[in-house]
1. With a 1.4 Å probe and all protein chains left in place, how much accessible area per residue does the chain have, in Å²?
2. With a cut-off of 8 Å between alpha carbons and a minimum separation of six or more residues, what is the relative contact order of region 127-213 in percent?
3. Excluding same-chain pairs closer than 8 in sequence, count the lysine pairs in region 100-173 whose Cα atoms lie under 26 Å apart.
4. How high is the FRET efficiency between Thr208 and Asn174 when r is their beta carbon distance and R₀ equals 30 Å, given to the nearest 0.05?
5. Just want to confirm a number: the relative contact order over the chain, from Cα pairs under 8 angstrom separated by 6+ residues, in percent.
6. Multiply the residue separation of Ala217 and Asp182 by 0.36 nm, subtract the distance between their alpha-carbon atoms, and state the gained length in nm to one decimal.
7. Calculate, axis by axis, the spread of Cα positions in the chain along the three principal axes, and write the results as whole Å, longest axis first.
8. To the nearest 10 square angstrom, how much accessible area does Lys123 have with a 1.4 angstrom probe?
Amino acid sequence: FLMIRRPPRSTLFPYTTLFRSLDGKPASDTSFVGDVVLSKTKSSSGVSPSFEVQARTIAASKTKGGTMFSAVAFKHTGAKFEAYCSSGHSYSFKHNGESTTVKDGKKTPIVNSDGNSEFTVTKNGKMVVIKEAGGITVTTGCEANGALTVILELPGKYKGKVEGVLGNYNDNKNDDDSKFVDNEADTSLFSEDEPTTPAGWKSDYQPTDAEKSAATAVCKRAGLTVEADIAFCAEDVALTGDETWASILKASEEED
């Protein structure tokens with residue numbers, strides 16, 4: 001729903017309707033539910049170290065439409081990290097398949113099986129930051145409605161050498177394949193099973209004009225003032241029927 005740019009390059013999204021690739025291309029099939037490759041090194045890239053980041057999309061409503069991210073997995077040489085979010089701001093974190101507690105305000109070095117400490121994990125409020133020594137950073141945060149915010153930052157050496165929903169990171173959005181269905185994960189990195197999609201969820205749900213008008217009012221009451229953000233918010237709220245998106249967008253507007 002929002003993309004921010006901060007060196008070297010990053011993208012932020014808890015919600016998929018207004019998702020953008022690293023180069024700014026919108027996703028076109030946001031009704032997809034399942035595990036997708038956000039970004040990974042191309043097998044022919046020759047860049048080292050290789051990595052892969054997957055996200056899990058789930059239904060954002062029980063009776064309407066929309067999808068959101070609920071989990072992310074980050075695989076890197078010698079390590080795998082998983083983060084999960086569920087309704088009620090319940091966050092869980094795993095390292096190499098084992099549940100791990102991350103203490104607020106503390107930077108924790110992660111030692112791999114080869115004895116090298118290539119990662120640090122830091123918790124700042126609701127955000128958990130996984131930082132790799134070479135500059136790859138994956139930040140996750142659990143929202144109150146069960147959506148997982150993800151920030152992926154890639155150093156410049158990966159330009160043109162990655163693929164996935166986030167595109168090839170070459171400063172040209174026109175050659176990005178940002179379709180979720182085209183980037184479904186062949187092999188899931190997640191150790192937990194996908195949740196069951198509610199029977200009443202509609203992949204093709206279209207909000208009525210009345211729902212859109214009511215959603216716009218909700219977003220304005222939340223304190224959003226930027227017209228583009230109000231429009232994004234209204235689409236989220238109308239599509240899902242979840243007014244929580246208004247406060248999430250307001251918080252993101254303040255942080256950006």
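1. On the way: 11410 Å² over 256 residues.
Computed with neighbouring chains in place, this is 45 Å² per residue.
2. Numbers: 76 pairs, mean separation 11.5, N = 87.
The value is 13 percent.
3. 17
4. Numbers: r = 34 Å, r/R0 = 1.13.
The pair Thr208/Asn174 has a calculated efficiency of 0.30.
5. Numbers: 589 pairs, mean separation 56.1, N = 256.
22 percent.
6. Working: separation 35, 0.36 × 35 = 12.60 nm, distance 3.59 nm.
The span from Ala217 to Asp182 would gain 9.0 nm if fully extended.
7. So the three principal-axis extents are 58, 40, 36 Å.
8. It works out to around 50 Å².
The values are calculated or read from the model by the stated rules, or taken from the named source; none is laboratory data. Predicted, not measured: the structure shown is a model, and the values here were computed from it. Quick reminder, even Gly has a Cβ in these numbers, built from the backbone with ideal geometry, and neighbours come from all protein chains shown. Note: areas computed on protein heavy atoms with side chains; ligands, DNA, RNA excluded. Shrake-Rupley method; radii C 1.70, N 1.55, O 1.52, S 1.80 Å.
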